[in-house]
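First comes the structure, then the notes that go with it.
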Amino acid sequence: MGDLRPEHWSEVARIYAAGIATGDATFETDVPSWEAWDTVHLNEHRFVALADDTVVGWVATSPISDRCAYAGVIEHSVYVAPEAQGRGVGRLLLEGLIVSTEAAGIWTIQSGIFPENVASLALHERCGFRQIGVRERIGRLNGVWRDVVAIERRSVAID
């Protein structure tokens, strides 16, 4: 596992496009440019998983707010290449993210997952995330209302 750098973008974008194509990974319908993606993701907590120098998965984070009260709360995305799914890549990425965010004083990692994405929900549960609710009909994807399962992982350092 290593830092996600601009030179990884073509492989990251390929994996992101594969996730978009499933219809169950994101509300996004197109892969953004590197510049647009880079602007909204934190530099400190973005990683790639490599196999034979090829990117097979990635994880990245975004702040949820610029208000100081939420400085320790981030949202994350994790994607694994179709050919690498089921091999522990997602777990490696999430565990690396947890180590990185714990060291930085992040107290909550959150995300939203389509309920149909059973594999992602199971992966997150194995990595210490909990389901905190379902946001029903929160957005439309290709004209269809979709629910999103809200998940979070709280830092072990919270008093």
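The conditions of being part of a loop (DSSP other than H, G, I, E, B) and over 22 Å from Leu4 (Cα atoms) are met by Glu116. Restricting region 69-90 to residues that are out of contact with any strand residue (DSSP E or B) (no Cβ under 6 Å at 6 or more places or on another chain) and within 15 Å of Leu50 (Cβ to Cβ) leaves a set whose member that is surrounded by the fewest Cβ atoms within 10 Å (Cβ to Cβ) is Glu83.
State yes or no: is Gly90 at pLDDT 95 or above and out of contact with any Ser or Thr (no Cβ under 7 Å at 6 or more places or on another chain)? Here the answer is yes, as Gly90 does meet what is asked. Among the residues making up region 58-93, those that are more than 24 Å from Gly23 (Cβ to Cβ) and part of a helix (DSSP H, G or I) are Cys68, Ala69, Tyr70, Leu92. Leu42 satisfies every condition listed in (1) in a loop (DSSP other than H, G, I, E, B); (2) without any contact (Cβ under 8 Å) to a residue 12 or more places away in the chain except (2). For region 141-152, the criterion of being open to solvent by less than 80 Å² (accessible area, probe 1.4 Å) and not in a strand (DSSP E or B) is met by at least one residue. Residues in region 94-109 that are part of a strand (DSSP E or B) and either over 11 Å from Val156 (Cα atoms) or open to solvent by 20 Å² or more (accessible area, probe 1.4 Å) (or both): 1 in all.
Condition check ((1) aliphatic (A, V, I, L, M); (2) more than 18 Å from Arg46 (Cα to Cα); (3) in contact (Cβ under 8 Å) with a residue 60 or more places away in the chain) across all residues:
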| residue | (1), (2), (3) |
| --- | --- |
| Pro82 | no, yes, yes |
| Leu97 | yes, no, no |
| Ala104 | yes, no, yes |
| Gly143 | no, yes, no |
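Cβ-Cβ contacts under 6 Å between residues 6 or more apart (or on different chains), taken from a first residue in region 127-139 that is small (Gly, Ala, Ser) and assigned to a loop (DSSP other than H, G, I, E, B) to a second residue that is modelled with pLDDT of 95 or more and surrounded by 14 or more Cβ atoms within 10 Å (Cβ to Cβ), are listed as Gly128/Arg153. Scanning region 66-81 for residues that are modelled with pLDDT under 95 and either within 26 Å of Glu125 (Cβ to Cβ) or among the β-branched types (Val, Ile, Thr) (or both) turns up Tyr70, Gly72.
The values are calculated or read from the model by the stated rules, or taken from the named source; none is laboratory data. Note that the structure is predicted; figures quoted are calculated from it, not measured. Cβ coordinates were reconstructed from backbone atoms using ideal geometry, including for glycine residues, and neighbour counts include every protein chain displayed. All accessible areas refer to the heavy atoms of the entire protein, side chains included, with ligands and DNA or RNA removed. Shrake-Rupley method; radii C 1.70, N 1.55, O 1.52, S 1.80 Å.
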